[in-house]
Amino acid sequence: MSASNMRVFIAGHRGMVGSALLRQLENQENLTIVTTTRAELDLTNQHAVNAFFAAQQIDQVYLAAAKVGGIHANNTYPADFIYQNLMIEANIIEAAHQNDVQKLLFLGSSCIYPKFAEQPMNEDALLTGILEPTNEPYAIAKIAGIKLCESYNRQYGRDYRSVMPTNLYGPEDNFHPDNSHVIPGLMRRFHEAKVSNAPEVVIWGSGKPLREFLHVDDMAAASIHVMNLDQALYQNHTTPMLSHINVGSGVDCSISELAQTIAKVTGYQGSLVFDATKPDGSPRKLMDSSKLWSLDWQPNYDLERGLAHTYEWFKANALTLRMA
Ligand code: GDP
């Protein structure tokens with residue numbers, strides 16, 4: 001196969017990470033990007049996924065398709081989160097292997113690490129303690145994805161890698177008022193409070209949990225970087241038999257500080273109120289991304305600039321926001 005006819009499948013190209021990958025990969029020479037919509041292909045249907053791979057002659061897969069959501073959605077729809085994610089991963093990874101796709105990149109999540117893992121969390125913290133209960137079913141599915149990659153590597157000599165992003169945000173995020181993650185949830189609430197001159201904005205929980213955030217364009221760049229790393233170099237930097245590597249900004253802040261920064265970016269000047277009846281989730285989630293940094297990757301956006309960029313996108317797309 002020459003480089004000129006490499007066919008790259010982005011599974012989940014309409015999601016936040018998949019669309020960022022598409023924006024960055026579609027201008028690269030020597031690549032043909034393959035995508036498919038949910039209406040055309042149900043990724044939870046094993047038979048349909050097998051038929052798709054058999055027809056498409058794919059060389060590389062970015063597995064960015066997933067059912068995702070914030071703390072409330074994970075807590076409310078646990079069966080959907082574990083079932084859909086297990087099916088999507090298992091179907092795509094097995095079909096990729098059956099159709100001789102040698103390289104695949106699986107997108108995971110920092111919630112795979114134990115609730116009380118030592119901070120910052122490095123890759124070896126996987127499976128060393130109990131998980132955060134609010135998103136345990138989702139985390140178990142993502143851990144299964146990592147183990148699928150490792151198992152196909154061990155048994156069949158595949159080169160399937162996994163990247164574990166910290167909390168992501170950016171264009172094409174889900175801005176649903178209840179089911180979203182904290183940044184899109186609060187950005188929308190602050191924006192609407194500003195427009196309606198509301199005197200206060202409610203923040204869920206105590207405001208004390210610490211979270212690390214990464215702009216999705218940085219995540220897409222990191223994913224492409226990891227996919228294209230020389231195999232020996234990648235294996236030297238990941239723990240033997242492990243296939244995953246962390247992707248984070250290395251900086252965390254409290255939810256209260258985050259809310260103040262979103263207030264600044266949106267220009268909201270009212271007060272912030274904390275609703276202690278809502279769950280806090282993990283006390284802290286900061287990843288150790290030093291392995292990836294030692295492999296020559298660094299994020300571009302700091303939080304305030306990334307939020308400002310996202311707010312511009314939000315305002316420009318307010319009428320067509322994705323809300324699942
Ligand atoms: P998590 O990192 O899995 O806990 O996911 P989230 O992004 O949903 O929540 C992060 C933290 O932000 C939690 O402590 C939430 O309680 C808090 N938070 C505050 N306001 C909001 C909000 O409007 N939406 C969400 N999703 N979380 C919020």
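None of the figures in this text is laboratory data; all of them are computed from the coordinates on show. Predicted, not measured: the structure shown is a model, and the values here were computed from it. Quick reminder, even Gly has a Cβ in these numbers, built from the backbone with ideal geometry, and neighbours come from all protein chains shown.
Applying 0.36 nm per residue to the separation of GLU304 and ASP124 and subtracting their alpha-carbon distance, the gain on full extension is 61.7 nm.
Fully extended, how many nm does the chain gain between ASN27 and ASP275 (0.36 nm per residue separation, minus their Cα-Cα distance)?
Values: separation 248, 0.36 × 248 = 89.28 nm, distance 4.50 nm.
In short, 84.8 nm is gained.
Going from the fewest other Cβ atoms within 10 Å to the most, the residues ASP173, ASP59, ASP218 appear in the order ASP59, ASP218, ASP173.
Considering only beta bridges that DSSP places wholly inside segment 3-320, some 10 percent are antiparallel. Per residue of the chain, what 222 nm ellipticity follows from adding -39500 (n - 2.57) for every DSSP H run with n ≥ 4, rounded to the nearest 500? My calculation for the chain gives -13000 deg cm²/dmol from helical runs alone.
Taking the number of other C-beta atoms within 10 Å as the exposure measure, put SER162, SER282 in order starting with the fewest. If you can, show how the numbers build up before the last one.
Working: SER162 25, SER282 21.
Fewest to most other Cβ atoms nearby, the residues stand as SER282, SER162.
Based only on other Cβ atoms within 10 Å, what is the fewest-to-most ordering of VAL8, VAL247?
Ranking VAL8, VAL247 by Cβ neighbours within 10 Å, fewest first, gives VAL8, VAL247.
Summing Lys and Arg as +1 and Asp and Glu as -1 over all other residues whose Cβ lies under 12 Å from the Cβ of VAL49 gives a net charge of -4.
Mean separation of Cα pairs under 8 Å and 6+ residues apart, divided by the residue count of segment 109-149: what relative contact order is that in percent?
Working: 38 pairs, mean separation 17.2, N = 41.
Rounded, it is 42 percent for segment 109-149.
Please give the contour-minus-distance gain from ALA198 to GLU257: 0.36 nm per residue of separation, less the Cα-Cα distance, rounded to one decimal in nm.
Working: separation 59, 0.36 × 59 = 21.24 nm, distance 2.02 nm.
Working it through step by step, the gained length comes to 19.2 nm.
What separates the Cα centres of segment 1-45 and segment 99-115 is a distance of 17 Å.
Around GLN119, what is the net charge, scoring Lys/Arg as +1 and Asp/Glu as -1 over all other residues with Cβ under 15 Å from its Cβ? Taking every Cβ under 15 Å from that of GLN119, the sum is -2.
Summing Lys and Arg as +1 and Asp and Glu as -1 over all other residues whose Cβ lies under 11 Å from the Cβ of SER151 gives a net charge of +1.
Give LYS103/LYS285; LYS67/LYS194; LYS67/LYS278; LYS115/LYS194 a once-over and call out the pairs whose C-alpha atoms are over 24 Å from each other.
Numbers: LYS103/LYS285 29 Å; LYS67/LYS194 31 Å; LYS67/LYS278 22 Å; LYS115/LYS194 35 Å.
Flagged as over cut-off: LYS103/LYS285; LYS67/LYS194; LYS115/LYS194.
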